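What follows is a single structure, written as structure tokens, with notes after it.
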Amino acid sequence: MADRVWQVRTPSGRDVIVDDFAIDVLNRIAESADTQWWALMRTPHLTGAGVKDLYLHACALAGDEVPDPLTGRILDAAFTQVDDDLPDEFEDGLPKAEADQETTSSSGSQTDTDGRPTK
């Protein structure tokens, strides 16, 4: 089952994943909202200041102007939960391609019963 993450839709329609914000940004926003960075990632609506600053940062990343006035309705509609699209398996720190992932089914090739290759 895929993890769920928060996505922010900016005024131009660009989708930005909160989990992808730099840790320094998340920490700064969390400190100004009197909470923890991981709490904002899991519950962006935890504080008004936190959700506003997350939205402002998403708009800055997208190069979008922030709506004026910025209302609760805009902020509520901008944040949605989506499935995390990261792969489930990694090798040497890199995602394994679908074709590279091991399977539990047999290959279908026949082998000799004594272990020697067939001709």
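The residues in the range 15-35 that are within 15 Å of residue 75 (Cα to Cα), surrounded by fewer than 19 Cβ atoms within 10 Å (Cβ to Cβ) and among the hydrophobic types (A, V, I, L, M, F, W, C) can be counted, and the count is 1.
Of all residues in the range 58-85, those being in a helix (DSSP H, G or I) and surrounded by 13 or more Cβ atoms within 10 Å (Cβ to Cβ) number 8. State whether the residues of the range 36-57 include one that is assigned to a loop (DSSP other than H, G, I, E, B), of a type in the set (Val, Ile, Thr), surrounded by 13 or more Cβ atoms within 10 Å (Cβ to Cβ) and in contact (Cβ under 8 Å) with a residue 12 or more places away in the chain. Taking every residue of the range 36-57 in turn, at least one turns out to be assigned to a loop (DSSP other than H, G, I, E, B), of a type in the set (Val, Ile, Thr), surrounded by 13 or more Cβ atoms within 10 Å (Cβ to Cβ) and in contact (Cβ under 8 Å) with a residue 12 or more places away in the chain. Is there a residue being closer than 18 Å to residue 4 by Cα, at pLDDT 95 or above and not hydrophobic (A, V, I, L, M, F, W, C) anywhere in the range 60-76? Yes, the range 60-76 has at least one match. A single member of 24, 83 is of a type in the set (D, E, K, R) and at pLDDT 95 or above, and it is 24.
Consider the range 1-33 and keep the residues that are hydroxyl-bearing (Ser, Thr, Tyr) and in a loop (DSSP other than H, G, I, E, B). The one that is nearest to residue 44 (Cα to Cα) is 10.
The values are calculated or read from the model by the stated rules, or taken from the named source; none is laboratory data. All values reported here derive from a predicted model rather than from experimental measurement. All Cβ positions, even for glycine, are placed from backbone atoms using ideal geometry, and neighbour counts span all protein chains on display.
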